[in-house]
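Worksheet: the structure to be examined is printed underneath.
The values are calculated or read from the model by the stated rules, or taken from the named source; none is laboratory data. Computed from a predicted structure; not experimentally measured. Quick reminder, even Gly has a Cβ in these numbers, built from the backbone with ideal geometry, and neighbours come from all protein chains shown. For the accessible areas, the whole protein counts, side chains as well, though only heavy atoms, and no ligand, DNA or RNA atoms are used. Shrake-Rupley method; radii C 1.70, N 1.55, O 1.52, S 1.80 Å.
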Amino acid sequence: MAMDDRKQRVLQAIVTLYGADGEPVGSGLLAQHFANAVSSATLRNEMAALTKLGLLEQPHTSAGRVPSAKGYRYYLDHLMGVPAKLSQSEQRAACEMFRDMDYDPERLAQSAARALADWTGYTVVATTPKSEDMCIAHYEVMQVGRFTAAVLAVTNGGGVRTRTAKLDFPLENGDIEMLAKTLNESLTFRSAADVKSAHLQAAAQRMGARGVTLYPVLSAAYTLLKEAGRPNVYLEGEQNFLNYAGTEQNIKTLLEFFADTEAVKQAVSPKTDRTTVLLGEDLEDHPMPGLCIVSKRYVAGGGATGAIGIVGPIRMPYQKIIPRLEYFSLLLGQCMSGVNGASFREQ
């Protein structure tokens, strides 16, 4: 059975009407949508045909129809078209949200996710930039206790990470300065793959008799180096899960899914620059019928990339949500590159 123009228009109308109020769409309401240009009987036949094609479902015997996951996929791939750009007032509102954000990549990603969650009313997930070339540009070491030192590492992408190291013997005068000098000479502007245990041992030997005692600090610095290229995942607006009518059965799966950091990274990291919509049914390890993840990749400085995505019901208003997500992605990438989001011109 072919998808002719009228079937496409009927499916598109049902997606729109169901998205507006969440109620199954009957032939009467559909006829009103078409200004009674098509009879209810004809629309019932088209709805029956779309149901046979697996694009619509009938929740109850006497109820109207709702789009199936297959129907939403067809709509997204063939019928939705290109969403309109944000109005200038909405663009200014988005820019204003970025005005006072901290531009440290970790804090920025989390703040952007929180702002977009508040703006859309959905749950938002964001990742920090990922780059194969990410390394540590500078180390600082601070004494925070008699037996404890804190290592602060600044990445070449502008991120700041810290880690503490516990020692078996107390720190002595000159240890902090010696550690900072050794770390900056031995571990900066190197990838984690290039640093082996022999490299750390050689750095410890250069500190003489104190090298063995201070080795935990070198180990902490190396851990920061290994973590530098790994994107962090931030989830904001989790309370909005409770507002997704009809998806209550997915709450447990959602929590399990977002506890699996690697799965989340895969789900919200598009392979291209295009906005992608992943349906909950498509998540093999964590299927969540009735939900979807709309995600967009952003480009930060130096070619590093991250992603930001909206998690919501499959019937979300895509024509409204996608422009907001895409503009937020643009601002986030520019802010990650050091551009002041509050001074952007309207796009």
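Just a few scattered comments:
- The range 80-102, subset part of a loop (DSSP other than H, G, I, E, B) and either surrounded by 13 or more Cβ atoms within 10 Å (Cβ to Cβ) or touching a Lys or Arg at 6+ places or on another chain (Cβ under 7 Å) (or both), residue modelled with the lowest pLDDT: Pro83
- Within the range 77-96, being hydrophobic (A, V, I, L, M, F, W, C) and free of Cβ contacts under 8 Å to residues at least 40 places away in the same chain holds for Val82, Ala93.
- Of residues in the range 284-321 being in a loop (DSSP other than H, G, I, E, B) and within 18 Å of Leu235 (Cα to Cα), the one most open to solvent (accessible area, probe 1.4 Å): His286
- Count of residues meeting criterion [touching a helix residue (DSSP H, G or I) at 6+ places or on another chain (Cβ under 7 Å) and over 16 Å from Thr305 (Cα atoms)] in the range 251-279: 8
- Summed over the range 47-74, residues that are touching a residue at least 40 places away in the same chain (Cβ under 8 Å) and either closer than 19 Å to Met288 by Cα or surrounded by fewer than 18 Cβ atoms within 10 Å (Cβ to Cβ) (or both) total 11.
- Test: Gly28 is outside any helix (DSSP H, G or I), within 21 Å of Arg315 (Cα to Cα) and at pLDDT 90 or above: no
- Looking across the range 211-245 at every residue that is β-branched (Val, Ile, Thr) and open to solvent by 40 Å² or more (accessible area, probe 1.4 Å), the one that is nearest to Glu172 (Cα to Cα) is identified as Val212.
- Of all the listed residues (Ala204, Ala209, Ala220), the sole one being of a type in the set (A, V, I, L, M, F, W, C), in a helix (DSSP H, G or I) and in contact with a Phe, Trp or Tyr (Cβ under 6 Å, 6 or more places away or on another chain) is Ala204.
- Those residues of the range 186-201 which are in a helix (DSSP H, G or I) and either over 22 Å from Leu171 (Cβ atoms) or in contact with a strand residue (DSSP E or B) (Cβ under 8 Å, 6 or more places away or on another chain) (or both), in sequence order: Ala192, Ala193, Asp194, Ser197, Ala198, His199
- A residue that is assigned to a loop (DSSP other than H, G, I, E, B), hydrophobic (A, V, I, L, M, F, W, C) and without any contact (Cβ under 8 Å) to a residue 60 or more places away in the chain cannot be found anywhere in the range 233-252.
- Restricting the range 142-191 to residues that are of a type in the set (Gly, Ala, Ser) and surrounded by fewer than 14 Cβ atoms within 10 Å (Cβ to Cβ), the residue that is farthest from Arg107 (Cα to Cα) is Gly174.
- Residue selection: Gly121 satisfies the criterion of being among the small types (Gly, Ala, Ser), open to solvent by 10 Å² or more (accessible area, probe 1.4 Å) and under 30 Å from Cys292 (Cβ atoms).
- Condition met for Lys271 (of a type in the set (D, E, K, R), closer than 18 Å to Ala112 by Cβ and not in a strand (DSSP E or B)): no
- Subset of the range 46-79 [of a type in the set (Gly, Ala, Ser) and part of a helix (DSSP H, G or I)]: Ala48, Ala49, Ala69, Gly71
- Of all residues in the range 297-321, those satisfying the criterion of being touching a Phe, Trp or Tyr at 6+ places or on another chain (Cβ under 8 Å) and within 22 Å of Ala115 (Cβ to Cβ) are Thr305, Gly306, Ala307, Ile308, Ile310, Val311, Gly312, Pro313, Met316, Ile321.
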